[in-house]
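First comes the structure, then the notes that go with it.
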Amino acid sequence: MPSKVVFKEIAYGSANWQAAVALREDVLRKPLGSKFTVEELKAEEGEIQVAGFKDGTLIACAVLVREEGQFKMQRVAVLASLRGQGIGARMMIICEEIAHKLGILKIYCHARNSAVDFYRQNQYVAQGDYFDEDGIPHLKMIKRLGD
């Protein structure tokens, strides 16, 4: 029987957070030839860090940034060898549940062009036109979580 993925919030600066940063750099930054800056990582302090674990190993992560009446979900990553197994979709649900519990009714992200279909499949709706972020096309995608 395959092992279950367990999702939980992790503490900024912890060993799990450091593992999440490493995963995000592998998935999101290395292909662009860059790394997260000290300033980018410092800005995450106080934000909600979400991670998925399989057999005790961090395999997925996301950051929820508090904004006026909404969350920006960013730095979403799933270990490449485990994509297509529903892990990312489950993480979206966890992030949405966290937002809803905190009274947040809207969550959005800046989706890379390569991830737009994934977000659409998870009921996120495109808003506006494509824009450049980190040298690649992104699209703002929003999901309303209820009333």
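The values are calculated or read from the model by the stated rules, or taken from the named source; none is laboratory data. Nothing here was measured: the structure is a model prediction, and the numbers come from that model. All Cβ positions, glycine included, derive from the backbone under ideal geometry; neighbour counts span all protein chains shown.
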Inset, instruction - Pick out the one residue from 136, 98, 107 that is of a type in the set (Val, Ile, Thr) and touching a helix residue (DSSP H, G or I) at 6+ places or on another chain (Cβ under 6 Å). - result: 107
Legend entry - Looking only at region 31-48, and only at residues there that are more than 17 Å from residue 80 (Cβ to Cβ) and in contact (Cβ under 8 Å) with a residue 40 or more places away in the chain, the one that is surrounded by the fewest Cβ atoms within 10 Å (Cβ to Cβ): 34
Legend entry - Residue in region 10-17 that is assigned to a strand (DSSP E or B) and in contact (Cβ under 8 Å) with a residue 24 or more places away in the chain present: yes
Legend entry - The lone exception for residue 54 - which of (1) crowded, with 21+ Cβ neighbours inside 10 Å; (2) in contact with a Ser or Thr (Cβ under 8 Å, 6 or more places away or on another chain) it fails: (1)
Legend entry - Which numbered condition residue 28 fails, given (1) among the aliphatic types (A, V, I, L, M); (2) in contact with a Leu (Cβ under 7 Å, 6 or more places away or on another chain); (3) under 23 Å from residue 137 (Cβ atoms): (2)
Inset, instruction - Report the residue count in region 58-69 for those that are surrounded by fewer than 19 Cβ atoms within 10 Å (Cβ to Cβ) and either assigned to a loop (DSSP other than H, G, I, E, B) or modelled with pLDDT of 95 or more (or both). - result: 3
Legend entry - Conditions (1) at pLDDT 95 or above; (2) surrounded by 17 or more Cβ atoms within 10 Å (Cβ to Cβ); number of the one not met by residue 28: (1)
Legend entry - Every residue from region 10-25 that is surrounded by 13 or more Cβ atoms within 10 Å (Cβ to Cβ) and either closer than 12 Å to residue 53 by Cβ or hydroxyl-bearing (Ser, Thr, Tyr) (or both): 10, 12, 16, 19, 20, 23
Inset, instruction - Would you mind telling me which numbered condition in (1) under 23 Å from residue 34 (Cβ atoms); (2) aliphatic (A, V, I, L, M); (3) under 13 Å from the mean Cα position of the chain (by Cα) residue 89 fails? - result: (1)
Legend entry - Conditions (1) hydrophobic (A, V, I, L, M, F, W, C); (2) within 19 Å of residue 24 (Cβ to Cβ); (3) in a helix (DSSP H, G or I); number of the one not met by residue 99: (2)
Inset, instruction - Determine, yes or no, whether residue 50 is out of contact with any Leu (no Cβ under 9 Å at 6 or more places or on another chain), among the hydrophobic types (A, V, I, L, M, F, W, C) and assigned to a strand (DSSP E or B). - result: no
Inset, instruction - Can you tell me which residue within region 86-103, out of those that are free of Cβ contacts under 8 Å to residues at least 60 places away in the same chain and surrounded by 15 or more Cβ atoms within 10 Å (Cβ to Cβ), is farthest from residue 115 (Cα to Cα)? - result: 99
Inset, instruction - Could you tell me which residue of region 104-131 is surrounded by the fewest Cβ atoms within 10 Å (Cβ to Cβ), considering only residues that are of a type in the set (A, V, I, L, M, F, W, C) and not in a strand (DSSP E or B)? - result: 105
